[in-house]
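Participant: This structure is in structure tokens; I'll ask about it shortly.
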Amino acid sequence: MKQIGLWYTKYHDNYGKGPSEVENLEEFAVGHSTTYAKLKEGQFILIWDTWRSDMTAGPSNTILGYPSTAPSKGGAVLMGDGSIKRMTHKEFQETPKAKPRKK
């Protein structure tokens with residue numbers, strides 16, 4: 001998850017917005033094909049089309065990405081500021097999630 005957070009940050013810094021699809025992160029995934037494949041296959045979930053400025057609870061309090069099992073089992077989740085927090089499934093359910101921008 002940490003590597004995906006770094007890719008998100010690089011994309012956001014380079015383009016001034018969050019990525020809208022997994023292919024947007026491919027240029028940053030060089031040398032990390034396993035992590036990229038897990039993101040592409042849906043083992044890791046990233047909330048697309050998000051901007052840090054839209055995270056009203058603050059980036060450090062907003063979930064940006066997570067393993068696909070987190071909603072039911074908890075686990076290490078990616079916060080909007082790039083940090084990783086371990087959460088129970090209950091904490092996961094109660095924590096604000098990033099919201100995609102409307103197109």
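Participant: Within the stretch 63-80, is even one residue modelled with pLDDT under 95 and under 12 Å from Ala98 (Cβ atoms)?
Facilitator: Yes, the stretch 63-80 has at least one match.
Participant: Name the one entry in Ser53, Ser72, Ser20 that is touching a Phe, Trp or Tyr at 6+ places or on another chain (Cβ under 7 Å), of a type in the set (S, T, N, Q) and over 16 Å from Met1 (Cα atoms).
Facilitator: Ser20
Participant: A further question follows. Can you name the residue in the stretch 81-103 that is among the charged types (D, E, K, R) and at pLDDT 95 or above and is also farthest from Asp49 (Cα to Cα) among such residues?
Facilitator: Lys90
Participant: What are the residues in the stretch 1-10 that are surrounded by 19 or more Cβ atoms within 10 Å (Cβ to Cβ) and touching a Phe, Trp or Tyr at 6+ places or on another chain (Cβ under 7 Å), if any?
Facilitator: Correct list: Met1, Ile4, Trp7.
Participant: Being outside any loop (DSSP other than H, G, I, E, B) and either of a type in the set (A, V, I, L, M, F, W, C) or touching a Ser or Thr at 6+ places or on another chain (Cβ under 7 Å) (or both) is the filter here; which residues of the stretch 71-96 pass it?
Facilitator: Those that are outside any loop (DSSP other than H, G, I, E, B) and either of a type in the set (A, V, I, L, M, F, W, C) or touching a Ser or Thr at 6+ places or on another chain (Cβ under 7 Å) (or both): Gly75, Ala76, Val77, Leu78, Met79, Ile84, Met87, His89, Phe92.
Participant: While we're on this one: With the structure loaded, tell me whether Leu39 is in contact (Cβ under 8 Å) with a residue 24 or more places away in the chain and touching a Gly at 6+ places or on another chain (Cβ under 7 Å) or whether it fails that test.
Facilitator: No.
Participant: While we're looking at this one, here's another question. Of everything in the stretch 11-35 that's without any contact (Cβ under 8 Å) to a residue 12 or more places away in the chain and part of a helix (DSSP H, G or I), which residue is surrounded by the most Cβ atoms within 10 Å (Cβ to Cβ)?
Facilitator: Glu26
Participant: Same structure, new question: State all residues of the stretch 49-69 that are in contact (Cβ under 8 Å) with a residue 24 or more places away in the chain, surrounded by 15 or more Cβ atoms within 10 Å (Cβ to Cβ) and not hydroxyl-bearing (Ser, Thr, Tyr); if no residue qualifies, say none.
Facilitator: Passing the criteria: Asp49, Trp51, Arg52, Asp54, Met55, Ile63, Leu64, Gly65, Pro67.
The values are calculated or read from the model by the stated rules, or taken from the named source; none is laboratory data. Note that the structure is predicted; figures quoted are calculated from it, not measured. A quick note on method: Cβ atoms are made from the backbone with ideal geometry, for glycine too, and the neighbour counts reach across all protein chains shown.
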